[in-house]
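The values are calculated or read from the model by the stated rules, or taken from the named source; none is laboratory data. Given the structure is predicted, the values throughout are model-derived calculations rather than measurements. Because the Cβ atoms are built from the backbone with ideal geometry, glycine has one as well, and the counts that use them run over all protein chains shown.
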Amino acid sequence: MNKIFNPLENIDKFILICVGLLGILSLTMLESTVYEDGFVLARPVLIQAIAYLLGFGVLLFIQNLDYRFFIGLEKILYALSVLFLLTVYIPGLGQENYGSRAWINLGITTLQPSEFVKIPFVLIMAGYLSEHRDELTRFTGVFKAFLVAAPIIAVVLKEDLGSALVYIVMWIFMVFFAGIDYKLFFQCALACLAAVPIVYKFLDDYQKERIEAFLHPENLSLSGNYQVWQSKVAMGSGGFFGKGLFQGTQKSLDFIPVQQSDFIFSVVGEELGFVGCTAVILLLALLLIKTLLIAFKARDTLGTCICFGFFGLIFIQSVVNIGMCLALFPVMGVTLPFFSAGGSSAACLYFGYGLVQAVSMHSMEVEGLDLARRGRRAPALKL
């Protein structure tokens, strides 16, 4: 009798618990941002809940695919990614928010192309690096890998400094763990640092102003400094245990800016205090550790690069968003993974973890076959 297919059978319970807890905390804090005199299922909370449910469905579907299915599709993904990023410049479709023209308006909702393209970018670079891994021992090989990524990063950088930084870090993690010569890597890193002043000259005025604000935090007239100041006040007032859920005053009086996305971590700090912030950081850290374990067990360069690309995404977004709330980074519009409001981000993150889980399942299948060939029984799968 054929076994009935169960999509939940092979899902990693550890990842499911971490993502699930982050989702519950996220929806709770989103509800807090709209809470007034009583509980109301507000539109932002409902939309985010739907995004999480749809994202979970995508995760279940993707994890059961062979991630090598995308081999050979890199050129198609590349062309579609660049075209999708350029849609923000179509009159009547592109939309500017907070000085950045990085969204497209579909009427009923808005989408951020740079969020959706993160996963194709990982697949494109993973495919290229797995095919040209031997070239990474030479500078020309690393430079070619950079040229593959450069057009996408350049288009993103034009409108969104924060997202461009995320793409760069994803590229760095994938190249580093694909097998680049370490000495060459540090030489390239020094060359990139030397190029920072040149890149700065090409930034838009609003991007330069945010960097200037970070360098001069005492000047509250500069863009971003007022938001960061209010964020620090909110988090400092929360103390160890916080003021209590729905009891945040900085939040209720709208002193915390963009509190449903960029500065939602400040709401956590004010209402749940140090304990709540630690819980969020711990859950994200556990997801990162699990991703690392899967990456090191991957049976090919493609799987390794996919995992490390996604690791870089979660890592840099978490560090920058939390650092932004604490005035350790400039305000760059980077969201907190699995926590900030945003359907585009949720779709990207769940798709990404579906790929990571697909790599994990393939590695375990290969390990089981190897053990079977040796005449031994494969051990039970553990978290």
### Query
Within the stretch 293-307, can one find any residue that is within 27 Å of Ile50 (Cβ to Cβ), modelled with pLDDT of 90 or more and touching a Ser or Thr at 6+ places or on another chain (Cβ under 7 Å)?
no
### Task
Return a yes/no flag: does the stretch 118-133 have any residue that is outside any helix (DSSP H, G or I) and within 18 Å of Thr301 (Cα to Cα).
yes
#### Entry: Every pair of residues 6+ apart whose Cβ atoms lie under 6 Å, when the first sits in the stretch 327-350 and is more than 19 Å from Leu59 (Cα to Cα) while the second is small (Gly, Ala, Ser) and in a helix (DSSP H, G or I)
Phe329/Gly323; Met332/Gly162; Gly333/Gly162; Val334/Gly162; Thr335/Ser345
### Task
Please work out which residue is nearest to Asp300 (Cα to Cα), limiting yourself to the stretch 171-191 and to residues that are within 19 Å of the chain's Cα centre (by Cα) and of a type in the set (Phe, Trp, Tyr).
Phe177
### Message
From the list Gly343, Gly333, Gly352, exactly one residue is at pLDDT below 85, buried (at least 21 other Cβ atoms within 10 Å of the Cβ) and of a type outside the set (S, T, N, Q). Which is it?
### Response
Gly333
## Note on the structure
Of the residues in the stretch 68-117, those that are part of a loop (DSSP other than H, G, I, E, B) and either on the phi > 0 side of the Ramachandran plot or of a type in the set (S, T, N, Q) (or both) come to Gly72, Gly92, Tyr98, Gly99, Gly107, Thr109, Gln112
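Can you find even one residue in the stretch 257-264 that is assigned to a helix (DSSP H, G or I), under 26 Å from Tyr353 (Cα atoms) and either touching a residue at least 60 places away in the same chain (Cβ under 8 Å) or within 19 Å of the chain's Cα centre (by Cα) (or both)?
Yes - at least one qualifying residue is present in the stretch 257-264.
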## Note on the structure
All conditions in (1) over 24 Å from Asp12 (Cβ atoms); (2) in a helix (DSSP H, G or I) are true of Phe310 except (1)
### Query
Where residues in the stretch 160-202 are outside any helix (DSSP H, G or I) and over 19 Å from Val320 (Cα atoms), which of them is modelled with the lowest pLDDT?
Phe202
### Message
So the check is Cβ under 7 Å with 6+ separation or different chains; which pairs have a first residue in the stretch 144-172 that's among the polar types (S, T, N, Q) and crowded, with 22+ Cβ neighbours inside 10 Å and a second one that's part of a helix (DSSP H, G or I) and modelled with pLDDT of 90 or more?
### Response
Ser163/Ser114; Ser163/Val156
## Note on the structure
Given the conditions (1) farther than 22 Å from Gly342 by Cα; (2) loosely packed, with under 14 Cβ neighbours inside 10 Å; (3) not aromatic (Phe, Trp, Tyr), every one holds for Arg43 apart from (1)
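Do we find that Ser26 is part of a helix (DSSP H, G or I), within 19 Å of the chain's Cα centre (by Cα), more than 25 Å from Ser363 (Cα to Cα) and touching a residue at least 12 places away in the same chain (Cβ under 8 Å) in this structure?
yes
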### Message
Can you pull out every residue in the stretch 216-247 that is at pLDDT below 85 and in a helix (DSSP H, G or I)?
### Response
Asn225, Tyr226, Gln227
### Query
Among the residues of the stretch 119-139, how many are among the β-branched types (Val, Ile, Thr) and either touching a Pro at 6+ places or on another chain (Cβ under 8 Å) or free of Cβ contacts under 8 Å to residues at least 60 places away in the same chain (or both)?
2
### Task
Out of the residues in the stretch 206-215 that are at pLDDT below 85, within 18 Å of Val156 (Cβ to Cβ) and not basic (Lys, Arg), state the one that is surrounded by the fewest Cβ atoms within 10 Å (Cβ to Cβ).
Tyr206
